[in-house]
Amino acid sequence: EGRVWVGTQRGLNRLDADGRHFERLFHEPGRAGSLAADWVFALHRGPGGTLWVGTVGGGVDRWTGDAGRFENYSLASLADGPRELDDVFALHETPDGRVWVGTRAGLVVLDPRQRAVERVDLTGVPDNQPLVTTMHADATGRLWVGSLDHGVFAIDTATRRWALAHPGPPGAAGNLPK
């Protein structure tokens, strides 16, 4: 679409392709379709062109494009989980339409068509999930997930199997999984 999107602590900014039209989008309490929260930490353009917005405190928003509104997915509500699930720091949409979401309370897979979420256990200890700060898919479809205090994970998105890519303490040399 040729637009530049920039997330800030005070909303989402959009610059049109012609460089002449600039718009700021905010959370507007009581207005359906507005941004869920003003602090926008993550943006991701999916394979089909969908713009996903990760907010701190509001979960995930999907920009509806021509309708000019957001559809919100409160991960905490959908998972019946802690409010930290709505603090979103990383996003990645897979070709099947699912959105992998890095949150303050771990990794979540959102199925927007079903409005359902699945939490991905990366530690074996439900109350000790990593704060996921970044993610990137490689050419094989493996998703690399970085966390604040648990290292780097390599995840097969089809099977949900994962390996700790950097098993040592922070700063230690490690081997990457094959």
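Observations on the model:
- Label-point separation, Arg161 to Asp138 (7 Å along Cα→Cβ), nm: 1.5
- Cα gyration tensor shape for the stretch 114-158, rounded if a/c is under 1.5, else prolate or oblate: oblate
- Heavy atoms of the protein chains alone define the surface here; on that basis the stretch 15-87 has 52 Å² accessible area per residue at 1.4 Å probe size.
- Protection proxy ranking of 33-44, 115-126, 49-60, by the mean of other Cβ atoms within 10 Å over each peptide's residues and highest first, is 49-60, 33-44, 115-126.
- Averaged over its residues, the stretch 95-162 has an accessible area of 51 Å² per residue, based on protein heavy atoms and a 1.4 Å probe.
- The fraction of accessible area contributed by carbon and sulfur in the chain is 50 percent, rounded to a whole number (1.4 Å probe; ligands and nucleic acids excluded).
- Annotation: extensible slack from Asp121 through Arg83 equals 12.0 nm (criterion: 0.36 nm per residue apart, minus Cα-Cα distance).
- Point-to-point label distance, Ala17-Asp66, nm (Cα→Cβ direction, 7 Å offset): 1.6
- Intensity falloff of the chain expressed as log10 I(q)/I(0), Debye formula with alpha-carbon point scatterers, at q = 0.10, 0.11, 0.12 Å⁻¹: -0.39, -0.47, -0.56
- Shape of the stretch 23-93, Cα gyration tensor, a/c cut at 1.5: oblate
- Virtual spin-label span in nm between Asp149 and Asp96, 7 Å along Cα→Cβ: 3.2
The values are calculated or read from the model by the stated rules, or taken from the named source; none is laboratory data. Fair warning: this is a prediction, and the values are worked out from it, not measured in the lab. Counting neighbours? That spans all protein chains shown, and the Cβs are built from the backbone with ideal geometry, glycine included. Ligands, DNA and RNA are excluded from the accessible area calculation, which covers all protein heavy atoms including side chains. Shrake-Rupley method; radii C 1.70, N 1.55, O 1.52, S 1.80 Å.
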